[in-house]
Amino acid sequence: YEDMAVENLKHHLKLLTKQKTDLQSRLMDCHLLIEQEGKAFHKTNDERRAYLKEIALLTSIHETLRGKESNQRQKNPANKSIRGKQTSKKSPIKSNKEKEEEGDGIGG
């Protein structure tokens, strides 16, 4: 630089100043972009957490309902089979009584 003319040094200084300004501008753009991406990330992450919370809640409700359904299914078929057996036992008894009553009525 010592051997360069003053005009060349001024021109070189002007170019370096322009490059510095351009680099500072790019740096600011990158900084703003990083801030925007950070905000977008946090927003998306918050939405993800909300969805996970909702999914967990709905899964819990679904499992609770499924458990109640399976309990009812286990209880109801047993009750139905018991009721069915009782009904089937009562039906022949009633029909036998009816037959006996009919038989007694015809014979007496």
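Every number here is computed from the coordinates shown, using simple stated rules; none is lab data. Since this is a predicted model, take the numbers as computed values, not measurements.
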inquiry  = Using each residue's phi in the range 69-74, evaluate 6.51 cos²θ - 1.76 cosθ + 1.60 at θ = phi - 60° and report the 3J(HN,Hα) Karplus result to the nearest Hz, with x for Gly and Pro.
reply    = 4, 5, 5, 5, 5, 5
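Taking 0.36 nm per residue of separation and subtracting the Cα-Cα distance, what length does fully extending Lys75 through Met28 add? All intermediate terms of the calculation are to be shown ahead of the outcome.
Numbers: separation 47, 0.36 × 47 = 16.92 nm, distance 6.95 nm.
Net length gain for the segment: 10.0 nm.
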